[in-house]
Amino acid sequence: MKVLMGIDDSKFAAEIARAFVAQFRAGNTEVLVLHVLQPLGLMAPPEMAMGYAPELEEMKKPAQELVERIAKQLRSAGFKAETAVEVGDVRERILDSASEWHADLIVLGSHGTRGIQRFLLGSVAEFVARHAKCSVQIIRTPAGN
């Protein structure tokens, strides 16, 4: 089974991995731990390459460390794990990566954001669940983080 695990930079990323380890068998499960850095503006001028976001350069190293830390946690539980850090719209990159990698399942956390914050930001987990071509598991984490 191939599982794409989308994680954000919240303190709950390790909780998502722990919940995953508790529910799945390591046997033949491959996990792609993905973190997406979203540019401030999603529309780049035509002369710039797609995904070009110089404002995110300083965030790439901590993002790589995050996915490596989660992958290490999964590997120590016996899973095959690889990592990826991508730039773009979080929702679209998760869906595209799952499709390109031929994921059987997408695992995401949800903070349970409500009210105006959810209206303005949208829900990544909800969007992915509605548009994914494979199954999606949403792991609940405490709201507000």
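The values are calculated or read from the model by the stated rules, or taken from the named source; none is laboratory data. Since we're looking at a predicted model, the values are computed, not measured. Backbone-built Cβ (ideal geometry, glycine too); neighbour counts: all protein chains shown.
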Of the criteria (1) at pLDDT 95 or above; (2) over 12 Å from the mean Cα position of the chain (by Cα); (3) of a type in the set (G, A, S); (4) farther than 20 Å from E15 by Cβ, which one G122 fails | (1)
Flag for E65 being at pLDDT below 90, part of a helix (DSSP H, G or I), loosely packed, with under 14 Cβ neighbours inside 10 Å and out of contact with any Phe, Trp or Tyr (no Cβ under 7 Å at 6 or more places or on another chain) = no
Working only within region 78-91, note down all residues that are surrounded by fewer than 15 Cβ atoms within 10 Å (Cβ to Cβ) and out of contact with any strand residue (DSSP E or B) (no Cβ under 7 Å at 6 or more places or on another chain).
-> G78
Condition met for G112 (touching a Lys or Arg at 6+ places or on another chain (Cβ under 9 Å), at pLDDT below 90, surrounded by fewer than 18 Cβ atoms within 10 Å (Cβ to Cβ) and not aromatic (F, W, Y)) = yes
Are any of the residues in region 14-36 at pLDDT 90 or above, in contact with a Ser or Thr (Cβ under 6 Å, 6 or more places away or on another chain) and among the hydrophobic types (A, V, I, L, M, F, W, C)?
-> yes
Test: residue in region 84-94 that is free of Cβ contacts under 8 Å to residues at least 40 places away in the same chain, within 18 Å of K11 (Cβ to Cβ) and not hydrophobic (A, V, I, L, M, F, W, C) = no
